[in-house]
Each structure stands twice: as C-alpha cells, then as structure tokens.
Amino acid sequence: MSGEKEEASFRMFGAYGEPEERRDVLESSGISSQPEPQVQQQLGSLFGVPWHPADQETSMVTQQQWHLQGLGRSELQAAGLPDAQPGEAAESSPRQVLLEPDSVGVRATATHPLLKRAPQGSWKVGTLFHGKRVYAVAISGSTHHVYTCGSGYIRVWDESALHAGDKAPRAQLDLQHPQDRVVTCKLFPDERSLITGGASQAVTLWDLAPTPQVRAQLTSTGPTCYSLAVSSDAHICLACFHGFVEIWDLQNQILIRKHEVPVYGSRCVDITGNIFWTGGEDTTLYSWDLRSYQRLHQHNLQNEILSITHDPGEEWVLAGLRTSDIVFLHTRRNEQFKALMKKYTRHHSLKFASCGSYFVTAIDTRLSGLEAPSLQKLFQIEESSGILCCDVSSDNQYLVMGSSSSATIYQLLY
C-alpha cells in the first residue's frame, strides 16, 4: 500500500482574537474572514457542538464530548475514518475556514462545569531560583510542590516557596553524574511519582512521597531522551530518542519494545489510549498502534513539530509548530484544523489543563491561555527571557514556567 504523506488541508482559525494573515490560503479560494453564520456553524460542528445564534444560551461542550478515549485502528474505522492500511496515509480534504474566534456566536451558559474552571487572568506570585537553565518543570496539584529540572540536579520546592522570592528549595535531587541533564519530565496521574529523561543514558523513576528518592533507573539504549509520555493509567511510558521510541512497562520496570520511527520525526511523543504519536523536523505527525506497533496514519503539517499534547479526554491531539501555529487533530474522526500564530519561534511548549476547558501555549517570551474549543484568549503573560517549558497544576490553581536560570510561578484567577 502507498506510504505517501497526507497533504495537510486545514480549517484555519485565528487565535487571540487578532486579525489574521492569510498564510497557506489561496487568494482565489474565496474564503471570507467575516464571521458569517455559516462559518460560525462550521466552527461549532467541528467540535460536535450545535450552533445557535448569539442571542441563545447554549453549552459549548459536554462532559461526554471531552471524555472520549483514544482508540485503535479497528475502532477508528468504526468511527468513520477512512479504511487506510497500516502505513498508508488517510485521505482528507476538510474545507479551509478563516475567521476571528472572538466573533464566534457559540456561547456557553455561566453554570457549565468546565467553563467554571477557565481562568480569566493570572497573577505573578514568585520566582524559584534554580541556578541553572530550567529545561523541564512540573507542578503537583495536590501538594503544590514544584520540580525544576536541568543539568546536574532537580530541585523540589514546597508551596511556601511559591510566594517567596528568596526561599531555599525543600530538597535537591542530585543526578547520577554531574554532567547528566534532565530535559523532559512527567508527573504520574496520582502525582506521587515523577519520571525524567534527558542526556543521561537512563530514564529515571522517582518516588516523591514521603521523601523524594530514586525508585529505579531504566537503562536506555540511546544517549538522549528528548520527550516522555505516560499513559493515563501510569502503566506505560514512552521515551523518545533519535530514531526510535522506547516503550516501558512501568509496573514491572521492563523494556517492552524499542520501536523504530523516522529519524527526523522523533523530537516529541505523546499517547492517547492505544495510539501514540511522534513528530519532529520532517514536519510529519505519525500515529502508531500501541498493540500492533504498526503505523496508522501520517499527517504532513508543513512545518517542524516542536511539541505534542492532548486534551484530558484524549479526543484531540495538539501539535505545536516552529511557526508558532497549533494544529488540532481528532483522534477518532478525520478532522483537523490549524490556529494561526504568525511567528517563527525557537521553543513552543503546549499544556492542556486537567479540567479540559483551556490550554496554554508558550512561544519564546510569551505565554497565552486559550479557551477550548473557542480559542478565545483568556490571559497572556510576557516574560523577560525565553520560556523553555511550562506546566499547569492539576487543580488549575497555578502555572509554572521555566527559563534560563529560574522558574516563575503565576496564580490563575477566576
């Protein structure tokens, strides 16, 4: 069967409510940027939400819509995706739509449980002085402990340090070798364990309670782990290296498989149900069956992929591009669209909030919170130095960003 890439054809939306550049849209396409009712209706249907005129109160999204599980190939076909063979690109040509999301007529009732948790602003509460470049960061929602990761060590900060600019860390976890460097980390769903990877020849599993300590060193077959992903049940970990992904059984701490992926498509990894996703410099987002290890689809996103994440219901996968654009792909239906950001960037971090009603995107020195699915800007933060990583606490109270020598803490306002 053919292994050709699927040429991306996106529905495109402006983010932040700013005027759009018409990049990637043919002048002769006849696409209008005006928020006509027909276009508004298509935005609502994109997320499975019926559109109503702006003078009618309607819920933007239901709990069920945000709680669909990632499915394997057979379930994808049952859900209506094209019957592509493993490794074959699915055919799709959704019509491009360009509009300003601030004008979208789909509104939500004030009592909707998800939108209750969408913040309307942020307030800087403190700075954690890590002492070296912060390549990865995590924050717990249950304890509000922050973990700043870099070269040589990981520092652990308790909640009292978040509101004080000069407090010492609660603990410092020295890496096995001083030259080792952590560039990626993930908290487990129960937030009692942390897994880290980087330039260290190993993926490290840490117990966080009652005292942070190493539980296991999972010896890797590659020199540098660029990205990590943990399944929602914390049974499986994916570690992304140059040209392959290691699939680990976390319960038994054994390597299940060393899975080869395209060399230039292995910068980042994510997992949704029984599917995992990889992407990188070759501009292609690949999806793989976690059971058969066969490639399901590949999507040409036209620009280098710097990050991949997903919503809590594992229904949408988000890819952050070198151009700062964000591509959204549905995990069950053959649907995709692009949010235009209009700026080339060195770093692009994405993080979906656990409540599912918003996500944050960090591009160079700017971090923005965007409502899902409307893409309306909720808040924006401008830092003095480049943002290398970010995380949102699971209770949606705090936001943390890592930079050249410190981590900055913001409290989210509702």
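The values are calculated or read from the model by the stated rules, or taken from the named source; none is laboratory data. As the structure is a prediction and not an experimental result, all values here were calculated from the model. Reconstructed Cβ throughout: ideal geometry from the backbone, glycine too, with neighbour counts over all protein chains shown. Areas reflect the complete protein model, heavy atoms only, side chains present, ligands, DNA and RNA absent. Shrake-Rupley method; radii C 1.70, N 1.55, O 1.52, S 1.80 Å.
Conditions (1) modelled with pLDDT under 95; (2) open to solvent by less than 20 Å² (accessible area, probe 1.4 Å); (3) under 19 Å from VAL392 (Cα atoms), marked per residue:
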| site | (1), (2), (3) |
| --- | --- |
| GLN302 | yes, no, no |
| SER307 | no, yes, yes |
| TRP316 | no, yes, yes |
| GLY320 | no, yes, yes |
| VAL327 | no, yes, no |
| ARG333 | yes, no, no |
| GLN336 | yes, yes, no |
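Residues satisfying the criterion are absent from region 128-142 (criterion: touching a helix residue (DSSP H, G or I) at 6+ places or on another chain (Cβ under 8 Å) and open to solvent by 20 Å² or more (accessible area, probe 1.4 Å)). Filtering region 379-414 to residues that are of a type in the set (Ser, Thr, Tyr) and either more than 17 Å from PHE359 (Cα to Cα) or within 20 Å of the chain's Cα centre (by Cα) (or both) leaves SER384, SER385, SER393, SER394, TYR398, SER403, SER404, SER405, SER406, THR408, TYR410.
The set of residues in region 153-167 being out of contact with any Lys or Arg (no Cβ under 7 Å at 6 or more places or on another chain) and open to solvent by 10 Å² or more (accessible area, probe 1.4 Å) consists of TYR153, ARG155, GLU159, HIS163, ALA164, GLY165, ASP166, LYS167. Region 338-414 holds strands (runs of 3 or more DSSP E) entirely within its bounds, and those carrying 2 or more residues that are in contact with a Pro (Cβ under 9 Å, 6 or more places away or on another chain) map to 366-371, 377-382, 406-413. Pairing each residue of region 270-290 that is more than 16 Å from LEU228 (Cα to Cα) with any residue that is surrounded by fewer than 24 Cβ atoms within 10 Å (Cβ to Cβ) and hydroxyl-bearing (Ser, Thr, Tyr), provided the two are 6+ apart or on different chains, yields C-beta distances under 7 Å for GLU281/TYR264; ASP282/TYR264.
Among all positions in region 229-240, there is no residue which is hydrophobic (A, V, I, L, M, F, W, C) and more than 18 Å from HIS310 (Cα to Cα).
Considered as a group, the residues in region 362-400 that are touching a residue at least 60 places away in the same chain (Cβ under 8 Å) and among the β-branched types (Val, Ile, Thr) include one that is surrounded by the fewest Cβ atoms within 10 Å (Cβ to Cβ), and that residue is ILE381.
Among the residues of this structure, ASP249 does not count as one that is in contact with a helix residue (DSSP H, G or I) (Cβ under 9 Å, 6 or more places away or on another chain) and surrounded by fewer than 19 Cβ atoms within 10 Å (Cβ to Cβ).
The residue that is nearest to PHE188 (Cα to Cα), counting only those in region 117-142 that are outside any loop (DSSP other than H, G, I, E, B) and of a type in the set (Gly, Ala, Ser), is ALA138.
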